[in-house]
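Take a look at the structure set out below.
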Amino acid sequence: MIFPEDFVWGAATASYQIEGAVKEDGRGQSIWDTFSHTPGKVVDGDTGDVACDHYHRYKDDIGLMRELRLGAYRFSIAWPRVQPDGAGPVNPRGLAFYDKLVDELLAAQISPYVTLYHWDLPQALEDRGGWTNRDTAYRFADYAAAVHDRLGDRVRNWATLNEPWVAAYLGYGNGVHAPGRRDPADALRAAHHLLLGHGLAARRLRPGSVMLVVNSAPVLTPAQVNDPSAVPSEADAAAVHRIHALLTRQFLDPAVHGTYPPEVLEAAARNGGTGHIQDGDLVLINAPIDLIGVNYYNPCVVESGPGLPADAAWPGSEDVRFAAADAPTTAMGWPIVPDGLSRLLVRLSRDYPQVGLMVTENGAAFDDVVENGRVHDADRLAYLDGHLREVWRAAQAGADLRGYLVWSLLDNFEWAEGYRRRFGIVHVDYATQTRVLKDSALWYRDVIARNGL
Ligand code: FCB
């Protein structure tokens, strides 16, 4: 299974999950600082205060990337380092860090893929309503332009948002993520303003290649998990259709086609109304983009559930049951369904043929153990191998696939799960900050060298 010659191989991380140094060089507070320091929000009270200390160890970490022969590294920029209060003049010391990071990557012949928003909103903006406030979209575009001004001479690949569904619905819907608000109307407003921010920012990232990164998944009935040809009942098919609209089409239809699926407008109408969607917004959101970034971990499994109320993370999901998959799971409890990835990629390439696709996150948490300086993470290796085969299959089936990035380079702060969930291909001992390449990293190095499996 050999991939196209220009296929991009890499790994991904995010600022709050790895950097630490939360008070250094004028960085302002983010919603994740506030949230993680609020008792009861994160497992074991973990915070990103130190994380992988990447802020001080970035050179060594790039050394590891070089050892693995990564062609690309996707990282995110902490908005509160650049604009401590989310608006106004940039903080030169904050931008200087990313400037050095980019130079070091380029010197190692690794292409930087910059994500502008991976969830660490400046707390000052949250204090003014966060993503439920329309103004935040305009602040985001200004911030994106400031970063592009500084790095655009060397960075070609830009992502506006990471997983707006998660930012909106876990942040403002069920409150499992920062800022921890729980209101379906707020979540729907936040989703729209995130999209608006995406569209406004996308226009200001030229020259460059622009992508929107979504957490997408094939939505399947329990029977379809192991039998793609299973034919669902009419009621189950309707549940699948609606959840697909809420998860994926809510973001990609406006961004790529300039339209909202009716299911999203209906959910808004029942939860606070559609008044926040102003005339002309869809034109702004529908800015040209080059790529869709796909973060895939597991399928979304649903069936009809007459009478059930909407799940807090899913306004509009009345009468739907979120079901378990008949599949082995990772340490997160997420079902392992590799061919869900090819099913998803083929579908996205059919629904959004005018844009290319890149797998911007894929990976798994397992309970790793270090033995004599090695980590034999056979389960992660098998997960990655299985999913890469499906990327190859999707490409064979005609999907316009440009690359694959493992989540994650390093074990890191896994949001509400803290440090107990390890997704890295590189093990991090948080007490000593020692890095150890897991077996999966050594395997990935060989995959990259071979450009295939
Ligand atoms: C994704 C996030 C990423 C990481 C993985 C496991 O939703 O984008 O930061 O936490 O899940």
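The values are calculated or read from the model by the stated rules, or taken from the named source; none is laboratory data. Predicted model, so just to flag it, every value in this text is computed and none were measured. Cβ sites come from the backbone with ideal geometry, for glycine too, and all protein chains shown count toward neighbours. Side chains included, ligands, DNA and RNA excluded: accessible areas come from the protein's heavy atoms. Shrake-Rupley method; radii C 1.70, N 1.55, O 1.52, S 1.80 Å.
How far is it, in nm, from the label point at residue 372 to the one at residue 128 when both lie 7 Å from their Cα along the line to the Cβ?
Reported label-point gap for residue 372 and residue 128 is 5.9 nm.
What is the extension gain from residue 265 to residue 229, computed as 0.36 nm multiplied by their sequence separation minus the C-alpha to C-alpha distance, in nm to one decimal? Could you put the intermediate results ahead of the total?
Details: separation 36, 0.36 × 36 = 12.96 nm, distance 3.07 nm.
The span from residue 265 to residue 229 would gain 9.9 nm if fully extended.
Could you let me know the centre-to-centre spacing of the range 301-317 and the range 98-176, using Cα atoms, in angstrom?
31 Å
Convert each backbone phi in the range 76-89 into a coupling constant with the Karplus relation 6.51 cos²θ - 1.76 cosθ + 1.60 (shift: θ = phi - 60°), then list the ³J(HN,Hα) values in order as whole Hz, x for Gly and Pro.
Once θ is set to phi - 60°, the couplings for the range 76-89 become 10, 9, 7, 3, x, 6, 7, 10, x, 10, x, 7, x, x Hz.
If you roll a 1.4 angstrom probe over the protein chains with everything in place, what fraction of the accessible area of the chain belongs to carbon and sulfur, to the nearest %?
Values: 7920 of 16110 Å².
With neighbouring chains kept in place, the figure for the chain is 49 percent.
With an 8 Å cut-off on Cα pairs and a minimum separation of 6 or more residues, tell me the relative contact order of the range 311-453 in percent. Mind showing how you got there, number by number?
Values: 193 pairs, mean separation 33.4, N = 143.
RCO, the range 311-453: 23 percent.
How much accessible surface area, in Å² rounded to 10, belongs to the heavy atoms of residue 376 with a 1.4 Å probe?
That residue has around 100 Å² of solvent-accessible surface.
In square angstrom, rounded to the nearest 10, how much accessible surface does residue 227 have for a 1.4 Å probe?
My reading of the accessible area for residue 227 is about 60 Å².
What is the extension gain from residue 106 to residue 429, computed as 0.36 nm multiplied by their sequence separation minus the C-alpha to C-alpha distance, in nm to one decimal?
Numbers: separation 323, 0.36 × 323 = 116.28 nm, distance 2.75 nm.
This chain segment gains 113.5 nm when fully extended.
Quick one: ranking 343, 350, 450 by accessible area, 1.4 Å probe, largest first, what do you get?
Working: 343 55, 350 160, 450 125 Å².
Reading off the accessible areas and sorting them downward yields 350, 450, 343.
Which aspartates and glutamates have a Cα lying under 16 Å from the Cα of residue 41, excluding residues fewer than 8 positions away in the same chain?
List returned: 33, 49, 120, 414, 417.
When the solvent-accessible surface of protein heavy atoms is calculated with a 1.4 angstrom probe, in what order do 266, 5, 104 fall, highest first? Before the final figure, lay out the partial values.
Working: 266 95, 5 185, 104 55 Å².
Sorted by accessible area, descending: 5, 266, 104.
With every protein chain in place, what's the accessible area of residue 59 (1.4 Å probe, Å², nearest 10)?
Roughly 110 Å² of residue 59 is accessible to a 1.4 Å probe.
What span do the alpha-carbon atoms of the chain cover on each of the three principal axes, reported in whole Å from largest to smallest?
Taking the Cα atoms of the chain, the three principal extents are 54, 49, 44 Å.
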